[in-house]
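A short worksheet on the structure shown next.
None of the figures in this text is laboratory data; all of them are computed from the coordinates on show. Given the structure is predicted, the values throughout are model-derived calculations rather than measurements. For neighbour counting, all protein chains shown are included, and Cβ atoms are generated from backbone atoms with ideal geometry for every residue, glycine included.
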Amino acid sequence: MKACVIGAGIGGLSTAALLLKEGWAVEVYESERVPGGRALSSEVDDGYKNLLKKFRISVVASEPAMEHIPEVAEGYTVDLGFHLIGGGKRGACVRLLRELGIDIPFAGSRLGLIDREVSYPIVNAADKMAMLPRIMQLLFTRKSKIEEMKRMSVEQLIEKYGRGKLTLLLELFPRLITTVNDLSRISAGEMLFAQRELMGGDPVIYPYGGLKNISQSLVEYISRHGGEMHLGRKVGKVLIEEGRAIGVKVGRSEREYDAVIATMPVQHLFTVADEQEFPGEWVEYVRNLQPTGSVVSYHALSELNGRLLNKSFVFIERDADFEGGAVVGMIDFKMNHLTGMAPPGKYLIQSYAICTPDEAKNRSKREELVGIIEKHVADLMPANRRNLEWNIHAAIWHLDGVAKTIDCMKPDVATPVNRLYLAGDCVNSKGVGINCAADSARLVVDAIQH
């Protein structure tokens with residue numbers, strides 16, 4: 001049996017690797033000349049600026065001006081977006097790598113909080129004792145009860161169960177898990193399922209060598225097990241006959257496959273597949289799916305207080321004029337010379353603030369988010385300006401391909417067209433971002449096999 005994977009992001013590469021493990025012949029087509037998709041690490045050079053344009057990422061502000069950044073950023077590596085991996089070693093990405101026998105070192109940490117004062121970790125021993133009965137009740141309630149709670153919003157969950165520090169956690173973690181600020185749109189049941197999956201271990205991790213280490217390791221696995229990588233080759237069309245995907249067209253050549261897996265943002269599916277082949281209501285549903293947005297920031301420093309090294313901190317900006325009435329974000333210190341992302345003795349801070357795609361596209365809103373990030377960075381590091389070498393703030397309106405909310409449910413991996421599947425962070429799998437993409441691969445393989 002032979003499969004075609006369209007796209008060499010984490011979802012496509014993970015799917016190809018698992019299919020090879022199951023004995024399939026697999027070919028991967030990627031329009032770019034490098035694998036990784038949106039989970040891509042890049043040197044901060046002229047090529048990085050071209051990538052930003054290609055992926056429709058808008059620079060909001062930088063210091064110095066963007067045209068001079070490559071002159072001062074030599075030796076640094078950044079990601080296209082904020083790509084800290086949630087769930088630690090219990091997350092779908094690490095589980096998949098372990099299943100494939102791929103050993104990548106990760107830097108991990110717990111989470112601190114920037115509020116009226118800075119605390120690390122967020123929850124101390126006394127907090128745990130006070131909240132333990134209620135947390136256990138929520139996390140270990142019957143699965144059938146959690147299924148019922150999928151129709152309840154986190155806002156309603158807080159009204160019913162929120163007390164003391166637990167209220168703060170219910171304000172923070174659902175937003176971080178979904179990258180959505182509006183608690184009235186986040187499913188309480190989905191959040192509890194996700195949180196139960198990820199209990200224990202470091203909540204957030206980042207790979208040594210950057211995200212490219214994950215994609216390169218998957219490419220090596222694919223090549224070593226007989227898969228074929230076609231970089232710089234764009235699939236022009238998915239061939240469909242009598243309700244079944246039978247292959248793809250690449251250039252002038254038509255190639256037959258037993259399964260086709262598309263990993264582009266699902267809203268773009270009809271650029272390669274004829275929408276007339278799908279039920280009209282499904283086409284409309286897919287076209288109206290909304291992604292998530294954010295402003296992502298990088299600060300390069302010549303010095304860093306050792307107490308911050310490799311740690312992560314979250315913040316919540318209350319009474320903000322954004323959807324949901326508050327802005328949640330994270331500031332992380334795992335990108336540095338020790339993890340291979342900065343020159344010797346130098347440090348990178350990776351930060352983001354959650355917003356909607358429309359807010360990310362709105363100039364005044366994204367500038368306001370830059371101010372929120374800068375404020376909280378200064379809370380952590382009052383001497384930041386003295387040690388700053390350069391910074392970049394960029395707005396992204398597709399941080400996650402589809403927002404997983406009560407009113408915007410992600411599609412299943414199987415499409416209405418037989419033998420045409422979806423993979424990546426757009427589908428209804430566990431977690432967000434890289435974890436969602438990695439877990440989608442397992443769902444695709446299960447769907448194909450059955």
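A few comments on the model shown:
- Annotation: the residues LEU100, LEU40, sorted from fewest to most other C-beta atoms within 10 Å of their own C-beta, follow the order LEU100, LEU40.
- Dipole moment magnitude, nearest 20 debye, the stretch 313-428 about Cα centre, only Lys, Arg, Asp, Glu C-beta charged: 420
- Beta bridges from DSSP with both residues in the stretch 1-117: antiparallel share about 35 percent, rounded to the nearest 5.
- Taking a point 7 Å out from the Cα of GLU99 in the direction of its Cβ, the residues of the stretch 23-46 whose backbone N falls within less than 15 Å of it are 23-24.
- Extension gain (nm, one decimal) between ARG385 and PHE55, 0.36 nm per residue minus Cα-Cα: 115.8 nm
- Extension gain, CYS408-LYS361: 0.36 nm per intervening residue step, less the Cα-Cα distance, totals 14.9 nm.
- Between GLN350, GLN216, GLN276, the GNM of the chain built on Cα springs shorter than 10 angstrom shows GLN276 fluctuating the most.
- In sequence order, the stretch 297-309 has phi-based couplings of 10, 10, 10, 9, 10, 7, 9, 8, 4, x, 5, 8, 4 Hz under the Karplus curve 6.51 cos²θ - 1.76 cosθ + 1.60, θ = phi - 60°, and Gly or Pro positions carry x.
- Using a Förster distance of 22 Å, the FRET efficiency for LYS21-ASN418 (Cβ separation, nearest 0.05): 0.40
- Taking each residue as 0.36 nm, the span from ASP115 to THR167 lengthens on full extension beyond its C-alpha to C-alpha distance by 17.3 nm.
- Positive-end residue of ASN305, TYR161, ILE114, charge dipole of the chain with Cβ unit charges: TYR161
- From phi via Karplus (6.51, -1.76, 1.60), per-residue ³J(HN,Hα) for the stretch 362-377 in Hz, x at Gly/Pro: 7, 4, 5, 5, 6, 5, 5, 5, 4, x, 5, 4, 4, 4, 7, 4
- Here the contact order of the stretch 402-450, divided by its residue count and restricted to Cα pairs under 8 Å and six or more residues apart, works out to 30 percent.
- Dividing the mean sequence gap of close Cα pairs (under 8 Å, 6+ apart) by how many residues the chain holds gives a relative contact order of 25 percent.
- Most mobile of LEU80, LEU183, LEU169 in a GNM of the chain (Cα contacts under 10 Å): LEU169
- A cut-off of 5 Å between modelled amide H atoms, ignoring neighbours fewer than 5 places along the same chain, links ILE186 with VAL154, GLU155, ILE406.
- The modelled label-to-label distance between GLU43 and SER253, using points 7 Å beyond Cα along the C-beta direction, is 3.2 nm.
- Of all beta bridges that DSSP places with both ends in the chain, some 75 percent have antiparallel geometry.
- Taking amide H as placed 1.01 Å from N in the peptide plane, the amide H of PHE82 sits under 5 Å from none that are at least 5 places away or on another chain.
- In terms of surrounding Cβ atoms within a 10 Å radius of their Cβ, ARG255, ARG33, ARG185 rank from fewest to most as ARG33, ARG255, ARG185.
- Point-charge dipole on Cβ atoms (K/R +1, D/E -1) for the chain, about Cα centre, debye to 20: 980
- Pairwise label distance in nanometres, LEU338 with HIS450, each label 7 Å out on the Cα-Cβ vector: 4.4
- Estimated from the Cβ-Cβ distance and a Förster radius of 56 angstrom, the FRET efficiency linking GLU71 and HIS225 is about 0.85.
- For the stretch 398-440 versus the stretch 65-98, the gap between their alpha-carbon centres in whole angstrom: 21
- Relative contact order of the stretch 220-335, pairs being alpha-carbon contacts under 8 Å that are 6 or more residues apart, as %: 14
- Across the stretch 61-74, coupling constants 3J(HN,Hα) worked out from phi with the 6.51/-1.76/1.60 Karplus curve, θ = phi - 60°, read 7, 7, 9, x, 4, 4, 5, 9, 4, x, 5, 10, 10, 4 Hz, and Gly and Pro carry x.
- Among LYS53, LYS234, LYS334, the residue with the largest mean-square fluctuation in a Gaussian network model of the chain, with springs joining Cα atoms closer than 10 Å, is LYS53.
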